[in-house]
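Below is one structure, written out as structure tokens; comments come after it.
A short reminder: the numbers here are calculations on the coordinates, not readings from a lab. The model shown is predicted, which means the values in this text are computed figures rather than measured ones. When we count neighbours, we look across all protein chains shown, and the Cβ atoms used for this are built from the backbone with ideal geometry, even at glycine.
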Amino acid sequence: MPASQSEYRTIDTDVLVVGGGAAAARAAIASRAQGARTLVVTKSRFARGGATPTANAADLTIDGRSAAEAGLPGDLRDSPETFFRDIVQDGLFLNNRKVVEAYVRENLPATRELIEWGMKVYSYEGAHSQAYVRGINTSGREVLKALRRGLDNDPPEWLEDHMLLDLLTREGQVCGAVVLDQRYGGATVVRCRAVVMATGGWQAGWFLNSASTDLTGDGQAAVYRAGGELADMEMVQAMPACLIWPPSLRNSYLSYILLSCGLGRLLNSRGERFMVKYDPRMAESSTKEIVSLGTELEIKAGRGSPHGGVFFTLEGTTREEFEAGLEAIAIYAPGSVQFREGFPAFAREAFAGRVHEVGNLAHYMLGGIRINEEGRGSLPGLFAAGECSTGLWGASRVSSAISEAVIQGRIAGRTAGANAGTAGSLAPDTAQVDESLARAYAPLRRLSGVAPYELKHRLQNLAATCVGVLKDREGLERAAGELEDIEANVVPELAVRGTRSRLVNFEWLQAIELGNLVQVLRLGVLSALHRAESRGAHYRLDSPDTDNDRWLCNVTARLADGKPRLGEEPVVTTSITPPRGRMSFEEALKVATSSLSSKE
């Protein structure tokens, strides 16, 4: 039964920002600074949803010279130019160079603002194993507190506890969105001149993940359905060496923090320190991509732990090294309950000889909404920032995701706010609204069908078996076929089995989210199938080389005639010419870890 116009209210604004973390907040501040009426729509409450609040031990990344200009003890041997080069090489040349240039150029003013707004800096030291000191250690809470002060200077309007359903377009231009009140079940049509997507990733597609449960690909899926372009959806970064057993510690990355500080080793079931095979120079201090890959190759070879991981141990760590490591890690304690209360007990238990099982978590989405250096998407009136976008990191992210969110939010919000002053106002198509609401309310009205929890369990099993760190054609083809069937035949049969009330109905909301998850997972699988090589976060067992002659391009995805259509676009290049030909795993490893400093 289609929804009618009487079932929703309509509100007007200039710029609609969708998201509740750092990218959304910074975009709203920048949009208001342009004089644009700005509305922020977030699934949760500000500072409670998305990825930023979960970043208890957060860091910003800034080159040494810029850090010195910001009043921090920066290394003057470093420079924005060196930082740019490192990001491009770490990303194995898949980055949009103009997006990287904008990120590096705006890093200093964006960081200064956070400090001026009261963000506490616990220390400034090495981060992400980079050779130069580039890490501002703080917390997600401190970043959001600073952004709250920035918001309070010129507040936008808010619609909290509202879920994005769909974008609205007319004449190919984004002109609004349909959103759902998660508390009462009513719908709102937002009419606007520009939309900034800042909705994060889709980690909820995997059972083992390091993110908030509300990251379900809503922004990417809405852009895809509206005809916008996504790119590099095959690039999913794993967080390695995270606790998976015992169950009480599952999805915690306390063990990874120890490794990142040079403490601990990873062992296979034979007691061998296997990472020296995969990266002899860096071992466990290598990039997330390399450590997660080494872990999965050991598991595939039958040398894993009983519960599907490998082993973490502090064997070989001296008392002096351990105490020095704890002292270094203690900088995180002021901003993190996890570190203040849970970490010391875990660390001392590990130092006493207990071996924990660790594995890979779905951590960060390197692909997403394709943008340019101004944050503009492929549709007029569409902008994006942070993890839901793509172009900055290429095939591997070594630097800070929170810096990305703040900097790109600043850029996209500023451009969108300026755009709103010149863009015409187009009335949304009521047929699009009715279609969106009919799809959203269908699971609530359906008397029988598939329970949302059943589909989520099926999706997470599929993601674990076919869309993990290791991929091959056979597994990807199987996953692609199954996801096509799910999208065509299962999603339309989702039905709420419990209460049919619209009031705070989590089963109904999950059904809506699953429609988004199915679409983004399918695009990720199809993109991974299309890219017949290995590069950074994308590893194909049947195509292990990095092929710069054939695959130095961004794999794009958009909806055409009701079906996903994949394409290829040349990487936007301004400088740094990549090597031609094929690179073996060992050759690509040297490029991707060239910015890192060995702790051996």
* To do: Quick one: angle between helix 22-33 and the longest Cα principal axis of the chain, in degrees between 0 and 90, rounded to 10, please.
  => 50
* **Value of [θ]222 nm, deg cm²/dmol, for the chain, DSSP H segments ≥ 4, -39500 (n - 2.57) each, nearest 500** => -11000 deg cm²/dmol
* Which whole-number percent gives the relative contact order of segment 511-600, counting Cα pairs below 8 Å spaced six or more residues apart? -> 24
* To do: Taking the Cβ of each residue in Cys192, Cys175, Cys553 as the centre, tally the other Cβ atoms inside 10 Å and list the residues starting with the fewest.
  => Cys553, Cys175, Cys192
* Structure fact -> Measuring from the longest principal axis of the C-alpha atoms of the chain, the long axis of helix 319-329 (C-alpha) lies at a number of degrees, nearest 10, equal to 20
* Structure fact -> Listed with the fewest Cβ neighbours within 10 Å leading, His538, His307 appear as His307, His538
* To do: May I ask you to list the chymotrypsin sites (Phe, Trp or Tyr not before Pro) in segment 118-198 that are in a DSSP loop and have at most 12 other Cβ atoms within 10 Å of their Cβ?
  => Tyr184
* If one computes the Cα centroid of segment 342-384 and of segment 297-315, what distance in Å separates the two points? -> 21
* Any idea how many Lys pairs in the chain come in under 29 angstrom at the alpha carbon, given 8 or more places apart or on separate chains? -> 29
